[in-house]
Amino acid sequence: MELQNQLKGLADKIEQLKDKIETEEATKNAFVMPFINILGYDIFNPTEVIPEFTADIGLKKGEKVDYAIFQNGVPILIIECKNWKQDLNVHNSQLFRYFHVTKTRFALLTNGIEYRFYTDLDETNKMDEKPFLEFDICKIKEPIVNEIAKFHKSNFDVDKIVNNASSLKYTKEIKKLLAKEFLEPSYDFVRHFANPVYSGRLTEKVMEQFSELVLKATNQFISEKVNDRLT
């Protein structure tokens, strides 16, 4: 509950201040550093949090990631920050390079409002293209708070987070597919339901009819489940 209240407090602060924040540096100071602090890490202790951490890549020297969080002398999380107004979709390639050379298992890309946590589920020591945990701090829900809590200094366990990351990543992708299908059912989705219930040939006309029926049925099903839960 305390973590949830702290995150809510930061979200309220962001809503109040964001229109006055103009630079990446101001975003880091006002939004990102308080988040790191909420996770239990001392932002003023250079053995725990190192700003501008050197991440030299091959012959390219002087490359720096915005923050590196350390535990027992080992980097456990690197953080790349952008201005709160920036779209994060165009910035993960930079973090991808840093991930490989720092040997960490976790990376965070954030603009102080959107947070995207990455690991190396697909290939060891190579950052996945898609985050396993993603949220908007101003629209945070309790299940996400529970996932953020795993990164708290008092709870941090690499193996537990990695094991859970796989479930989070694929569950998130499945939910995206379901949301898309429930909005506009694909041919295969419609066919999956039409085949067992329709005895005739699935002509184009029949598929058009079932497309509407599947959309109607899924929406009714969700509505009924919500009502059951409420009652």
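The values are calculated or read from the model by the stated rules, or taken from the named source; none is laboratory data. It should be emphasised that the depicted structure is a prediction, and the values quoted were computed from it without experimental measurement. Virtual Cβ from ideal backbone geometry, glycine too; neighbours counted across all protein chains shown. Side chains included, ligands, DNA and RNA excluded: accessible areas come from the protein's heavy atoms. Shrake-Rupley method; radii C 1.70, N 1.55, O 1.52, S 1.80 Å.
Sticking to Cα atoms, compute the Rg of the stretch 75-129 to one decimal and its Dmax as the biggest Cα-Cα distance, whole number, in Å.
10.6, 32
Could you identify which residue out of Arg116, Arg191, Arg97 has the top mean-square fluctuation in a GNM of the chain using Cα springs shorter than 10 Å?
Arg191
Please give me the summed charge of the neighbours of Arg116: other residues whose Cβ is under 13 Å from its Cβ, Lys and Arg +1, Asp and Glu -1.
After counting each charged neighbour, the total is -4.
Leaving out ligands, DNA and RNA, what percent of the accessible area of the stretch 109-231 is carbon and sulfur, probe 1.4 Å? Spell out each step's value before the answer.
Values: 4320 of 8220 Å².
C and S atoms contribute 53 percent here.
What do the square roots of 5 times the Cα gyration tensor eigenvalues come to for the stretch 97-215, in whole Å, largest first, as semi-axes of the equivalent ellipsoid? It would help to have the intermediate numbers written out before the result.
On the way: eigenvalues 318, 51, 32 Å².
That gives 40, 16, 13 Å for the three semi-axes.
Checking a compactness column here: for the stretch 38-157, what do you get for Rg(Cα) / (2.2 N^0.38 Å), N being the number of residues?
My calculation over the Cα atoms of the stretch 38-157 gives 1.02.
Counting only other residues whose beta carbon sits under 13 Å from that of Asp66, what net charge do I get with K and R as +1, D and E as -1? Walk me through the intermediate numbers first.
Numbers: positive: Lys28, Lys64, Lys82; negative: Glu24, Glu25, Glu52, Glu63, Glu80.
Cβ neighbours under 13 Å give a net charge of -2.
Would you mind listing how long the chain runs along its three principal axes, going by Cα atoms, in whole Å with the largest first?
So the three principal-axis extents are 70, 44, 35 Å.
How many nm separate the modelled label positions at Asp122 and Arg191, each set 7 Å beyond the Cα in the direction of the Cβ?
Each label point lies 7 Å from its Cα, and together they span 2.7 nm.
Cα to Cα, under 16 Å, and not fewer than 8 places away if on the same chain: which lysines meet these conditions relative to Lys82?
Partners within reach: Lys18, Lys20, Lys28, Lys64.
With axes computed from alpha carbons, what is the tilt in degrees of helix 187-197 against the longest principal axis of the chain, rounded to the nearest 10 within 0 to 90?
Helix 187-197 sits roughly 40 degrees off the main axis of the chain.
I need the Debye-formula profile for the stretch 1-96: one equal scatterer per C-alpha, no solvent, reported as log10 I(q)/I(0) at q = 0.14, 0.17, 0.23 1/Å, two decimals.
Normalising to I(0) and taking log10 leaves -0.60, -0.86, -1.31.
Between the stretch 127-165 and the stretch 69-100, how many Å separate their Cα centres?
15
For the chain, set up a GNM with springs between Cα atoms under 10 Å and report which of Leu168, Leu213, Leu109 has the largest fluctuation.
Leu213
Please work out the average accessible area per residue across the stretch 74-171, using the 1.4 Å probe convention, and give it in Å². Kindly include the intermediate steps, with their values, before the conclusion.
On the way: 4530 Å² over 98 residues.
Ligands and nucleic acids excluded, the result is 46 Å² per residue.
Quantify, in whole percent, the carbon and sulfur part of the accessible surface of the stretch 1-51 (1.4 Å probe; protein heavy atoms only).
Details: 1530 of 2840 Å².
For the stretch 1-51, the apolar C and S fraction of the accessible surface comes to 54 percent.
Counting only other residues whose beta carbon sits under 13 Å from that of Val49, what net charge do I get with K and R as +1, D and E as -1?
Every neighbour counted, the sum reads -2.
If you take every DSSP beta bridge fully contained in the stretch 1-116, what fraction is antiparallel? Give it as a percent rounded to 5.
Beta bridges within the stretch 1-116, antiparallel portion: roughly 75 percent.
Kirkwood Rh over alpha-carbon pairs of the stretch 151-231, then Stokes-Einstein at 20 °C and 1.002 mPa s: what D in µm² s⁻¹, rounded to an integer?
Taking Rh from Cα pairs, D becomes 137 µm²/s.
Is it possible to state the helix-based mean residue ellipticity at 222 nm for the chain, with each DSSP H run of 4+ residues giving -39500 (n - 2.57), the sum divided by total residues, to the nearest 500 deg cm²/dmol? What is it?
-15000 deg cm²/dmol
Can you find, among Ala68, Leu121, Gln209, the residue farthest towards the positive end of the dipole of the chain? Put +1 on the C-beta of Lys and Arg, -1 on that of Asp and Glu.
The residue sitting farthest along the positive end of the dipole is Gln209.
Using only the alpha-carbon atoms, how far is helix 204-230 inclined from the longest principal axis of the chain? Give it as 0 to 90 degrees, nearest 10.
Between helix and principal axis, roughly 60 degrees.
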